[in-house]
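The values are calculated or read from the model by the stated rules, or taken from the named source; none is laboratory data. Not measured: the values here are computed from a predicted model. So basically every Cβ, Gly included, is an ideal-geometry build from the backbone, and we count neighbours across all protein chains shown.
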Amino acid sequence: MSYKKRSDLALKMIGEQLVIIDSKIGKAVHRLNDVGVFIWDHIEASSSEEILAKMMDEFEVDEAEARSDLKQFVAELEALHLIEKKQ
Amino acid sequence: MSKHDPAPKLGLLAQSQEQAYQNCQPLNATIEITMGCNLACQHCYNFDRSKAMPSEFKNNSLSDTEIHGILKDLIKEGAFFINLSGGEALLHPSLDQFIQTIVQEKAIARLKSNGLLLTPKRCEELAQVGLQGIDITLYGMSDESYQIFSRKGAYSQAIEGIKALKRPVSRFMLIIFFIRPMFMNSIFFLQPQNLINGHSL
């Protein structure tokens, strides 16, 4: 499953974290940590399995934990309407 | 995080501001896009408005292309909250295009204004192109204070402008210049509340 980021979000990297301001739908401010930013950067161009493999390369984490974190994080982004499934 | 809980959200932005400060990242930027103004305030810091605009200002205004370039450069250098100011920023014929550039670059566009040129239609247009907020400066809270410091009749125009913001632009802030007679006038403390009632600041 691949995803598309909402085009109307305001985004800014501050240090290693990404601040997202959603002024239209959620009317909320979000902040992603370094792992969140890594997933966010790959979410449009890579499948879940590809992101998982890249996470295993980049971070010291076992597969089960990475898979669980990825699934939970993507579900949260989707619930917040920050991403949507590509048609 | 619940969208109904404002406290953590404010904390998040404050933390980000602090982190940007530690990193020397210019998160907030203001650009004066025009020296032109529809008021002639005595305390104006641009130039002496009782005289004509100095030729060095008149002949050296930034072109639209230069302003678009500066906005992009600011955002590339880390700016996130961009305030467009003046003079009176609403006088600039390319204001909407500048706001669009800021939005396209994924930053937040805000405006500093005296409010006189805001109408319901203009507010709708500004919201449509992506303006996120307006800071309006009031020079006192009466026709009298405007007559002393700025221009006769401008106070009621400014108030009409603020009322026009009611729906389209969800966030606005009033900056009110305190002048001595105000401290003697208790109604001053009541009027702003009436103006902003129902708005988030």
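Screening B:Gln19, B:Gln25 for residues that are within 14 Å of chain A (Cβ to nearest Cβ), at pLDDT below 95 and more than 30 Å from B:Gly140 (Cα to Cα) leaves exactly one candidate, B:Gln19. In the set (1) within 28 Å of B:Ala158 (Cβ to Cβ); (2) modelled with pLDDT of 90 or more, B:Gln42 fails one condition alone, (2).
Restricted to the range A:3-84, the set of strands (runs of 3 or more DSSP E) holding at least 3 residues that are loosely packed, with under 13 Cβ neighbours inside 10 Å and facing chain B (nearest Cβ under 10 Å) is empty. Considering B:Leu131, B:Leu138, the condition of being under 16 Å from B:Pro93 (Cα atoms) and touching a helix residue (DSSP H, G or I) at 6+ places or on another chain (Cβ under 9 Å) is satisfied by B:Leu131 alone.
Scanning the range A:28-75 for residues that are of a type outside the set (A, V, I, L, M, F, W, C) and within 22 Å of B:Gln15 (Cα to Cα) turns up A:His30, A:Arg31, A:Asn33, A:Asp34, A:Gly36. In a residue-by-residue description of the range B:135-151, the property of being under 30 Å from B:Asn23 (Cα atoms), at pLDDT below 95, surrounded by fewer than 22 Cβ atoms within 10 Å (Cβ to Cβ) and within 12 Å of chain A (Cβ to nearest Cβ) applies to no position.
For the range B:84-111, a residue qualifies if it is among the small types (Gly, Ala, Ser), touching a strand residue (DSSP E or B) at 6+ places or on another chain (Cβ under 9 Å) and at pLDDT 95 or above, and the qualifying residues are B:Ser85, B:Ala89, B:Ala107, B:Ala109. Against the list (1) closer than 26 Å to B:Ile108 by Cβ; (2) at pLDDT below 95, the condition A:His42 fails is (2). A single member of B:Ile99, B:Ile67, B:Ile82 is among the β-branched types (Val, Ile, Thr), over 12 Å from the mean Cα position of the chain (by Cα), under 17 Å from B:Thr30 (Cα atoms) and within 14 Å of another protein chain (Cβ to nearest Cβ), and it is B:Ile99.
Hey, any hits in the range B:109-129 for a residue that's buried (at least 20 other Cβ atoms within 10 Å of the Cβ), in contact with a Phe, Trp or Tyr (Cβ under 6 Å, 6 or more places away or on another chain) and within 23 Å of B:His43 (Cα to Cα)? Looking through the range B:109-129, none of the residues is buried (at least 20 other Cβ atoms within 10 Å of the Cβ), in contact with a Phe, Trp or Tyr (Cβ under 6 Å, 6 or more places away or on another chain) and within 23 Å of B:His43 (Cα to Cα).
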